[in-house]
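One structure is given here, and the rest of the page talks about it.
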Amino acid sequence: ETSQPLFETERETPPLIPLPEVPAENLERGMYVSVSGIPGLSPLYEEALRLPQTVFTNDRSRGLSEDCIHPPRYIAHPSVDRVFARAAWNTIWLANLSGTPLVCPDHILEDHPEILFNLKSVSKMNLAYVWDSQKKSLEEFLTEVPCGKQKPPKVYEEIRKRFGTLDGLDYCVNIIVEDFFHVG
């Protein structure tokens, strides 16, 4: 709330991810498990990938059937009721913008320190449900998490009012073009 720019030219923007396009194909209802490619984090996803429900994922290495393998944009699909992923901003934004409840595992030492601070932010701003695996199983924790598409968190309406859009990429392109034509 009280942060100041580090540089005179620094500008705040909406999320730097395009608004999600909703895939049109028919899917069973299920949960999306977004697996990071960062080495050493595999244990984070084991319990989520074994849940007794339909699970979609971007991870081809687990031997799941091809109809369960989809890129992260499928988080926006109406049949995806929840997302399980580490607290990385593109996933946070994609889940939030598509109204898909996001469950993030608590920070582990093998993960980047950035994720620890992201977890603090998502908790403070109510952007995700943070699961502490030391307290309860993921299956038990999910009974406390809404299932199905929800209205995006309040902060996104504030972002839309402030910037006129939620599409940070489009916003930045317009700023760059405007700056380019006004230089000199």
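Summing charges over all other residues whose Cβ lies under 14 Å from the Cβ of residue 174, with Lys and Arg as +1 and Asp and Glu as -1, gives -3.
Assuming R0 = 30 Å, can you tell me the calculated FRET efficiency for the pair residue 151 and residue 90, based on Cβ-Cβ distance, to the nearest 0.05? Present the calculation step by step, with values, prior to reporting the outcome.
Numbers: r = 21 Å, r/R0 = 0.69.
Working from the Cβ atoms, E equals 0.90.
In terms of its C-alpha gyration tensor, the chain comes out prolate, because a/c is 1.5 or above and the ratio a/b outweighs b/c.
For the residues 172, 147, 68, a GNM of the chain with alpha-carbon springs under 10 Å puts the largest fluctuation on 172. Could you tell me which of rounded, prolate or oblate describes the stretch 31-132, using a ≥ b ≥ c as the square roots of the eigenvalues of the alpha-carbon gyration tensor, with rounded for a/c under 1.5 and, failing that, prolate when a/b is larger than b/c and oblate otherwise? Oblate. Around the Cα centre of the chain, unit charges on the Cβ atoms of Lys, Arg, Asp and Glu (plus for the first two, minus for the last two) sum to a dipole of about 400 debye. The largest accessible area among 166, 116 belongs to the first residue in 116, 166, and the rest follow in falling order (1.4 Å probe, all chains).
Taking label positions 7 Å along the Cα-Cβ direction at both residue 69 and residue 120, the computed distance is 3.9 nm, reported to one decimal.
Rounded to the nearest 500, the helix-only mean residue ellipticity at 222 nm of the chain stands at -9500 deg cm²/dmol, with each DSSP H run of n ≥ 4 adding -39,500 (n - 2.57). Computed about the Cα centre, the dipole magnitude for the stretch 86-184 is approximately 400 debye when only Lys and Arg (+1) and Asp and Glu (-1) carry charge, each at its Cβ. Extension gain for residue 12-residue 38 works out to 6.6 nm (0.36 nm per residue, less the C-alpha to C-alpha distance).
Could you tell me whether the stretch 5-83 comes out rounded, prolate or oblate from its Cα gyration tensor? Rule is a ≥ b ≥ c as square roots of the eigenvalues, rounded for a/c under 1.5, then prolate if a/b exceeds b/c, otherwise oblate. Before the final figure, lay out the partial values.
Working: a/c = 2.89, a/b = 1.59, b/c = 1.81.
Since a/c reaches 1.5 but b/c is at least a/b, the shape of the stretch 5-83 is classed as oblate.
Simple rule: put +1 on each Lys or Arg Cβ and -1 on each Asp or Glu Cβ in the chain, find the dipole, and look at 146, 180, 32; the Cα lying farthest toward the positive end is 146. Note that the chain presents 61 Å² accessible area per residue, ligands and nucleic acids not counted, probe 1.4 Å. For the stretch 30-184, what % of the accessible area comes from carbon and sulfur atoms, probe 1.4 Å? Using a 1.4 Å probe with all protein chains present, the stretch 30-184 comes out at 55 percent carbon and sulfur. Taking every lysine pair in the chain that is 8 or more places apart or spans two chains, those with Cα atoms closer than 26 Å amount to 15.
The values are calculated or read from the model by the stated rules, or taken from the named source; none is laboratory data. All of these numbers come straight from a predicted model, not from anything done at the bench. Note that we place each Cβ from the backbone using ideal geometry, even for glycine, and neighbour counts take in every protein chain shown. Note: accessible area is taken over every heavy atom of the protein model, side chains too, but ligands, DNA and RNA are not part of it. Shrake-Rupley method; radii C 1.70, N 1.55, O 1.52, S 1.80 Å.
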